[in-house]
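Inspection log for the structure reproduced underneath, given as structure tokens.
The values are calculated or read from the model by the stated rules, or taken from the named source; none is laboratory data. Computed from a prediction, not measured in an experiment: that's the story for all the values here. Virtual Cβ from ideal backbone geometry, glycine too; neighbours counted across all protein chains shown. Protein only, heavy atoms only, side chains kept; ligands, DNA and RNA dropped before computing areas. Shrake-Rupley method; radii C 1.70, N 1.55, O 1.52, S 1.80 Å.
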Amino acid sequence: MKKTRILFAILVLAVFLSNCTNKSDEYIDPRGTDYAGSESCIDCHKTQYDMALQSSHFKATAPAILGNVLGDFDAKNHVFIYDKNTKLVMEQRNDSLYQVLYKNGKEVEAHRFEIVFGAKHAQTSVYWRENNTYELPVSYYNSINNWATSPGFPADKPYFDRMVMKDCYSCHASNISSRNVGQKSTEKNFTSMDVEDIIDRKTIVYGIDCERCHGPAKAHAEFHIKNPNVKVANSITSYKTLNRQQKLDACALCHAGNDGMKIKSRFDFKPGSVLSDFYRETRSITDTAKFDVHGNQFRLMSQSKCFIKSEKMDCITCHNPHENASKNLASYSKICMSCHQDFKHNETTLKTMSGSLLASNCVECHMPKQSSGAIKFQLSNTKQMSNYILRTHKIGIYPTNKK
């Protein structure tokens, strides 16, 4: 009897362990069988994962469930007025959120928030129609804590027909395609992600996740589970091993604008890839072109004397890619002062600002906030355009600051 109990206990334990293993093995990433999903990183990289989970990268896209959508749905400022007879109302219906169009007090059409883009500065949303996504006409802007027109949408009439192309997702998501994936990522035709006109919603990997920046991690996770004492990263890309240009290319993939001639899908880019294999520039970063502050951080930085004269400066010099940009401006000043220790402001500047303030706030003068020419928006019931303000990454001495 005792042996029977022992055998039964062993059997139960074996079934339990088998179920755990199978549950892990059953995960199929839509990018291919060599991907493991970001949750596979938690056990060994919990600190980085927890930071990344709250970052703008991770929240570049997200399902539009309660808690992910910004803005009011039950207060006075949840209504956008087009004219005296037409209004768009942000409404919660059960567990779903909608933009509802009313004309003369009657509901005309309603579209559900299904995917949100962004969270830090602003958030726009899309809804599904058949096998594609379409942008909703009103977005939420943190700078005004209110709803306003989505970029490029008019304030005098609503429309719901702007398709969000797959290339928009290539910098806001880690995967999207029209095909189910059952093979290694290297065996896929990534070009089809952009060419085909439909989206299989099951293939979406929301946000910029760990494997988008470090490459497929299944072999890496399996190796280190079996070899926990090995501390050198195996079968994964560590940025410490990349040269300067490779690091810059990895960031420039999404932070250098999108007006170049596309050669291959961004989704096919792996850390260590050469950016010129994916996009061919139509404008040189060394010319006098004025790049917009939205989405052109790399190009603007590349025009800066600090970058041109440095052999080591890259994006990670100032930013931790696992977390949002620090709001502590003094932390950036320390980085500036590491190269500008002997620099002294002139007497006129010192009379305007104290030395201690100058030393702790370099970016306010040398990387000022500017209006985007690419994004403008309008508030409800007004014809006045509002500016979308972002900090420039072109480090320099600006006309208003010359003494």
(request) Assess whether residue 130 counts as being surrounded by 17 or more Cβ atoms within 10 Å (Cβ to Cβ) and out of contact with any Pro (no Cβ under 8 Å at 6 or more places or on another chain). (result) no
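For every residue, the table says whether it meets (1) of a type in the set (S, T, N, Q); (2) modelled with pLDDT of 90 or more; (3) open to solvent by 50 Å² or more (accessible area, probe 1.4 Å); (4) closer than 25 Å to residue 228 by Cβ.
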{"position": "2", "(1), (2), (3), (4)": "no, no, yes, no"}
{"position": "5", "(1), (2), (3), (4)": "no, no, yes, no"}
{"position": "13", "(1), (2), (3), (4)": "no, no, yes, yes"}
{"position": "24", "(1), (2), (3), (4)": "yes, no, yes, yes"}
{"position": "28", "(1), (2), (3), (4)": "no, no, yes, no"}
{"position": "41", "(1), (2), (3), (4)": "no, yes, no, yes"}
{"position": "59", "(1), (2), (3), (4)": "no, yes, yes, no"}
{"position": "62", "(1), (2), (3), (4)": "no, yes, no, no"}
{"position": "68", "(1), (2), (3), (4)": "yes, yes, yes, no"}
(request) List every residue pair whose Cβ atoms sit under 7 Å apart, with the two residues 6 or more apart in sequence or on different chains, where the first one lies in segment 32-61 and is on the phi > 0 side of the Ramachandran plot and the second, anywhere, is open to solvent by 20 Å² or more (accessible area, probe 1.4 Å) and among the hydrophobic types (A, V, I, L, M, F, W, C). (result) 32/181
(request) Mind listing just one residue for me: the one in segment 53-94 that is hydrophobic (A, V, I, L, M, F, W, C) and not in a loop (DSSP other than H, G, I, E, B) and, of those, farthest from residue 124 (Cα to Cα)? (result) 53
(message) If a residue must be open to solvent by 90 Å² or more (accessible area, probe 1.4 Å) and modelled with pLDDT of 85 or more, how many such residues does segment 324-350 contain?
(response) 2
(request) Can you work out which of the residues in segment 351-399 that are open to solvent by 70 Å² or more (accessible area, probe 1.4 Å) and of a type in the set (S, T, N, Q) is modelled with the lowest pLDDT? (result) 356
(request) Those residues that are in a strand (DSSP E or B) and closer than 24 Å to residue 339 by Cβ, I need them from segment 362-377; list them, please. (result) 369, 370
(message) Please go through segment 259-274 and give me each residue that is part of a loop (DSSP other than H, G, I, E, B), more than 16 Å from residue 207 (Cα to Cα) and in contact with a Phe, Trp or Tyr (Cβ under 8 Å, 6 or more places away or on another chain), ordered by number.
(response) 260, 263, 264, 265, 271
(message) Report every pair of residues separated by at least 6 positions or lying on different chains whose Cβ atoms are under 6 Å apart, first residue within segment 303-326 and in contact (Cβ under 8 Å) with a residue 40 or more places away in the chain, second of a type in the set (A, V, I, L, M) and in a helix (DSSP H, G or I).
(response) 307/301; 314/248; 322/51; 322/52; 323/51
(request) Could you check residue 198 against (1) touching a residue at least 60 places away in the same chain (Cβ under 8 Å); (2) in contact with a Phe, Trp or Tyr (Cβ under 9 Å, 6 or more places away or on another chain) and say which number it fails? (result) (2)
(message) Kindly evaluate residue 252 against the criterion of being touching a residue at least 12 places away in the same chain (Cβ under 8 Å), open to solvent by 30 Å² or more (accessible area, probe 1.4 Å) and not hydroxyl-bearing (Ser, Thr, Tyr).
(response) no
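Each row is one residue, and each column tells you yes or no for (1) farther than 24 Å from residue 205 by Cβ; (2) open to solvent by less than 40 Å² (accessible area, probe 1.4 Å).
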residue	(1), (2)
77	yes, no
82	yes, yes
109	yes, no
139	no, yes
152	yes, no
(message) Please go through segment 291-317 and give me each residue that is farther than 30 Å from residue 151 by Cα, surrounded by 14 or more Cβ atoms within 10 Å (Cβ to Cβ) and over 23 Å from the mean Cα position of the chain (by Cα), ordered by number.
(response) 306, 307
(message) Given (1) assigned to a loop (DSSP other than H, G, I, E, B); (2) at pLDDT 85 or above; (3) not charged (D, E, K, R), identify the lone condition not met by residue 180.
(response) (2)
(request) Select the helices (runs of 4 or more DSSP H) contained entirely in segment 276-347, then report the ones holding at least 1 residues which are small (Gly, Ala, Ser), touching a Cys at 6+ places or on another chain (Cβ under 7 Å) and closer than 27 Å to residue 119 by Cα. (result) 329-337
(message) Can you tell me which residue is modelled with the lowest pLDDT among those in segment 267-282 that are surrounded by 14 or more Cβ atoms within 10 Å (Cβ to Cβ) and more than 17 Å from residue 32 (Cα to Cα)?
(response) 281
(message) Being under 28 Å from residue 59 (Cα atoms), open to solvent by 30 Å² or more (accessible area, probe 1.4 Å) and polar (S, T, N, Q): is that true of residue 320 here?
(response) yes
(message) List the residue pairs whose Cβ atoms are under 6 Å apart, where the first residue sits in segment 162-173 and is at negative phi and among the aromatic types (Phe, Trp, Tyr), the second is open to solvent by less than 30 Å² (accessible area, probe 1.4 Å) and modelled with pLDDT under 95, and the two are 6 or more positions apart or on different chains.
(response) 169/176
